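Undergrad: Please read through the structure below; I'll follow up with questions.
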C-alpha cells in the first residue's frame, strides 16, 4: 500500500482480509491509516500485476487497523518509483524560471524539489504552453528559507576569507530583497508537464544540474523537510488514534 504524503512515499506491506463484489478489506499500519484518513485514497502494488491500482477509501476501522477500498482503476507504474526523495515546501516558495528562447523570467510557486530537479505550478491562465515543452532548456532560481542556510553555515564554517569564497555562488534573491535566504541558480530542462484541471493549474517538472555547493544546500533542505514531514505524519497519526479512546 502506497501513499505520497507531502512528496514522501509512505509504503507498508499489507494483506487482504476479505473480498466483496466491489470492494476489498485490507489491514494497514498506523501511519498508513493516517494517510488514508486524510487523503481518502491509496495506491496498491501487487507483484503479479503489471500496473498499480488506485483505490478510494470507503471506511476505516481504527481499532482493527483495517480499511475498506473500492472504485479501483489502473494507473501508470511509475508512481512511488522515484530514484530520489522529493519534498514539498512547508511554506510557499516562489522560483524564477527563464526558458531558453525567452528574454524574461516567469515566477511560479515551487511544488516539490529533489537533488536532481524540481516541479512548479502554473495556473491555467498563466501557463506558458509554447515554452513548457519537454526538452526545453531553462534556468531556475530557487530561494530557500533561512533554516537551510543556517545549517549550511555550520557545515562550512571556516576562516573569514574562505567563507567569502564559499558565499560567491550564492546571491541575494533579486525578487525578494535582502531577506537572508540562500539563493541557488541552476540550469536544466523540462522533462514532464501534467495538467491538473480540477485545480485549474499545470505541474511542470524539470531536471536540474546543481553545482556541488548548491547540491549541499538542497540536500540539507531535503533532509530537514523529510524530518519535518515524518514528524508531522506522526502527530497526525497520534491525533487520529486519540479519537478512538
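Bear in mind these aren't lab numbers, they're just calculated from the coordinates by the rules spelled out. None of these values were measured; they are calculated from a predicted model. All Cβ positions, glycine included, derive from the backbone under ideal geometry; neighbour counts span all protein chains shown.
Undergrad: What ranking of 142, 53, 4 emerges when the number of other C-beta atoms within 10 Å of each C-beta is taken as an exposure proxy, fewest first?
TA: With the fewest neighbours first, 142, 53, 4 line up as 53, 4, 142.
Undergrad: What is the order of 94, 218, fewest Cβ neighbours within 10 Å to most?
TA: Placing the least packed residue first, the sequence is 94, 218.
Undergrad: With 10 angstrom as the radius, rank 114, 70 by how many other C-beta atoms surround their C-beta, starting from the fewest.
TA: The fewest-first ordering by Cβ neighbours comes to 70, 114.
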